[in-house]
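Asks: What follows is a structure written as structure tokens; I'll ask about it next.
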Protein chains: 2
Amino acid sequence: MGETPHVSEPALDEQIAAYQREFADLDPQVEQIVSALGRLNRRMNVAYGRQNATLGISNAEWEVLKALVLSGPPYQLGPGDLAKRLGLTPAAMTHRIDRMVDEGLVTRDRDESNRVRVIIEITAEGRGKWLEAMRLATVFEGDLVQDLSPEERKSLGEVLIRLLRRVEQTQPDGGGRMEDLDRA
Amino acid sequence: MGETPHVSEPALDEQIAAYQREFADLDPQVEQIVSALGRLNRRMNVAYGRQNATLGISNAEWEVLKALVLSGPPYQLGPGDLAKRLGLTPAAMTHRIDRMVDEGLVTRDRDESNRVRVIIEITAEGRGKWLEAMRLATVFEGDLVQDLSPEERKSLGEVLIRLLRRVEQTQPDGGGRMEDLDRA
DNA sequence: AACCTAAACTTCGACTCTAAACTTTATAGG
DNA sequence: CCTATAAAGTTTAGAGTCGAAGTTTAGGTT
């Protein structure tokens with residue numbers, strides 16, 4: 001994983017002013033929303049990454065643990081299913097699981113009732129790491145929304161879900177992993 | 001760049017229900033905000049990637065063009081500056097520029113007044129691609145917020161900026177490129 | 001003037017991901 | 001039965017990134 005390079009992006013206001021200078025047909029209101037979304041997301045991912053690093057796991061590993069825990073008992077999934085949920089190719093999943101098995105976060109076993117299938121199961125250690133990561137994440141997230149009133153939180157959540165639904169209609173599934181992109 | 005793998009994630013409601021089952025200390029309101037933010041961002045990046053692909057450029061290249069255009073006349077930046085703005089290491093920037101020079105999107109020249117420096121400048125073709133990409137992006141973004149009233153757009157933008165400021169306070173700069181992570 | 005240090009970029013080696021080819025196992029037809 | 005096809009994972013080759021070492025140039029010190 002390693003330390004991330006230093007970022008130094010212009011202030012959001014300046015950025016939007018530059019957009020208007022170079023591209024006249026721009027709705028600054030919309031641009032503000034889109035740019036803030038992108039930046040916010042990246043900053044949050046960096047913050048999660050720092051926290052997870054203190055637990056000795058990467059965001060990538062956190063994602064796998066999350067999928068396994070949220071799948072519910074018996075906390076098992078196949079590599080293919082995991083790949084679909086995370087938006088990875090099966091090949092990438094194979095390698096990621098290799099590492100996580102080596103680190104003791106998950107186990108890999110053949111399904112004896114159908115020997116083509118493989119079963120990935122979270123270990124006690126993996127579960128513990130996920131729980132700890134969630135504790136850190138919720139503290140961070142609580143701090144993040146600290147300045148928002150209950151009404152603001154409610155309406156923000158609702159608006160975001162409307163936007164999400166709109167994207168899912170317009171861009172019918174099939175997307176996947178994508179390099180992080182700062183629309184700002 | 002290539003085709004992205006197929007994604008098939010559980011519905012957001014189910015996901016949040018699963019979180020509450022596995023992690024009692026969770027504020028569903030906050031979780032909804034955070035999860036929707038992550039998913040929305042990923043979907044949008046995938047959509048940009050599809051559009052940019054029709055122009056023959058990747059999101060990575062779009063980012064470089066964007067930085068150059070927004071830097072204003074004379075639309076030149078050094079590799080190091082570009083790397084900082086994009087959150088890449090100088091090494092990665094070198095390689096990315098290599099490709100973009102080959103594709104005719106930018107030029108690379110030594111600064112004769114200080115021969116350690118290198119000047120990257122956008123070409124007419126690069127500028128044209130960026131403009132076209134922006135046209136596609138603004139159509140998509142306009143469609144995205146179509147259901148939001150003017151008041152909703154305004155308050156959404158303001159709330160997002162407050163969140164962004166909060167993150168920037170809490171997580172003082174230094175973040176960078178991070179693999180795309182779906183907090184949902 | 002010779003040296004030292006810092007800055008800017010590139011090169012190198014390791015790692016992770018994608019796409020495509022391959023292997024193994026299960027199932028359906030002839 | 002025996003083969004054909006499909007499904008699930010793995011392996012392989014290539015692309016892109018990071019961290020660290022290396023190279024070139026500028027500028028200050030003695």
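Asks: Kindly provide the Kirkwood hydrodynamic radius of the range A:58-139 in Å, to one decimal, from all pairs of distinct alpha carbon atoms.
Replies: Numbers: mean 1/r = 0.0784 Å⁻¹.
Every distinct Cα pair counted, the radius reaches 12.8 Å.
Asks: With +1 on the Cβ of every Lys and Arg and -1 on the Cβ of every Asp and Glu, and nothing else charged, how large is the dipole of chain A about its Cα centre, in debye rounded to the nearest 20? The partial results should precede the final answer.
Replies: Details: 24 positive and 31 negative charges, 128 e Å.
With Lys and Arg at +1 and Asp and Glu at -1, about 620 debye.
Asks: Right, something else. For the protein assembly as shown, compute the number of Lys pairs whose alpha carbons are separated by less than 22 Å, excluding pairs fewer than 8 positions apart on the same chain. Walk me through the numbers before you get to the answer.
Replies: On the way: A:K66/A:K84; A:K66/A:K129; A:K154/B:K154; B:K66/B:K84; B:K66/B:K129.
Lysine pair count for the protein assembly as shown: 5.
Asks: I need the inter-copy label distances for A:S149: point set 7 Å along Cα to C-beta, values in nm with one decimal, smallest first.
Replies: So the label point of A:S149 gives 1.7 nm to the other copies.
Asks: Could I ask something else about it? Relative contact order of chain A, please, whole-number percent, based on alpha carbon pairs below 8 angstrom and at least 6 residues apart. Intermediate results must be reported in sequence, preceding the final value.
Replies: On the way: 139 pairs, mean separation 46.3, N = 184.
Taking the mean separation of contacting Cα pairs over the length of chain A, I get 25 percent.
Asks: Compute the longest continuous run of chain A that contains no exposed GluC sites (Glu not before Pro); treat a site as exposed when its DSSP state is not H, G, I, E or B and it has at most 16 other Cβ atoms within 10 Å.
Replies: With GluC sites (Glu not before Pro) excluded where exposed in loops, chain A gives A:4-102 as its longest stretch.
Asks: Here is a follow-up. Select from chain B the helices, each a whole stretch of DSSP H, whose alpha-carbon atoms run 27 Å or more along the helix axis and whose Kyte-Doolittle mean is at least -1.0; answer none if there are none. Don't jump to the answer; show the numbers that get you there.
Replies: On the way: long enough: B:28-54 (39 Å, -0.58); B:124-144 (30 Å, -0.19); B:150-170 (30 Å, -0.70).
Those that pass (Cα extent of 27 Å or more, hydropathy at least -1.0) are B:28-54, B:124-144, B:150-170.
Asks: Still on this structure, please answer the following. Which whole-angstrom value gives the distance between the alpha carbon centres of the range B:78-130 and the range A:32-47?
Replies: The two parts, judged by their Cα centres, are 25 Å apart.
Asks: Just check chain A against the gyration tensor rule for me: Cα atoms, a ≥ b ≥ c as the square roots of the eigenvalues, rounded for a/c under 1.5, and otherwise prolate or oblate depending on whether a/b exceeds b/c.
Replies: Working: a/c = 2.05, a/b = 1.83, b/c = 1.12.
Prolate shape, in that a/c is at least 1.5 and a/b is the bigger ratio.
Asks: Please work out, to two decimal places, the log10 of the ratio I(q)/I(0) at q = 0.14 Å⁻¹ from a Debye calculation in which every Cα of the protein assembly as shown carries one identical scatterer.
Replies: Cα-only, vacuum Debye calculation for the protein assembly as shown: -1.24.
Asks: Over the Cα atoms of the range B:9-54, what Rg and Dmax result, in angstrom?
Replies: Expressed in Å, the Cα Rg and Dmax of the range B:9-54 come to 13.8, 45.
Asks: Run the label-point distances for B:S8 please: 7 Å along Cα to Cβ, every other copy, nanometres, shortest first.
Replies: Spacings between copies for this position, smallest first, are 4.7 nm.
Asks: Which single residue of chain A puts its beta carbon nearest to the axis of rotation relating A to B, and what distance, in whole Å, does that give?
Replies: A:N41, 2
Asks: In percent, what relative contact order does the range A:58-139 have, based on Cα pairs under 8 Å that are 6 or more apart in sequence? Provide the component values of the computation, followed by the final result.
Replies: Numbers: 89 pairs, mean separation 25.0, N = 82.
This gives 30 percent for the range A:58-139.
Asks: If you take the square roots of the eigenvalues of the alpha-carbon gyration tensor of the range B:1-95 and sort them as a ≥ b ≥ c, do you get rounded (a/c under 1.5), prolate (a/b over b/c) or oblate? Walk me through the intermediate numbers first.
Replies: Details: a/c = 3.03, a/b = 2.10, b/c = 1.44.
Taking the square roots of the gyration eigenvalues as a ≥ b ≥ c, the range B:1-95 is prolate.
Asks: Would you be so kind as to identify which of B:V64, A:L136, A:L26 lies farthest towards the positive end of the dipole of the protein assembly as shown, taking Lys and Arg as +1 and Asp and Glu as -1 on Cβ and the Cα centre as origin?
Replies: Comparing the listed Cα positions along the dipole, B:V64 ranks first.
Asks: Let me ask something additional. About its Cα centre, what dipole magnitude does the protein assembly as shown give when the only charges are +1 on Lys and Arg Cβ and -1 on Asp and Glu Cβ, stated in debye to the nearest 20? Show your work: numbers first, answer last.
Replies: Details: 48 positive and 62 negative charges, 71 e Å.
For this selection, approximately 340 debye.
Bear in mind these aren't lab numbers, they're just calculated from the coordinates by the rules spelled out. None of the values given here were measured: they were computed from a predicted structure. Every residue, glycine among them, receives a Cβ derived from its backbone with ideal geometry; neighbour counts consider all protein chains shown.
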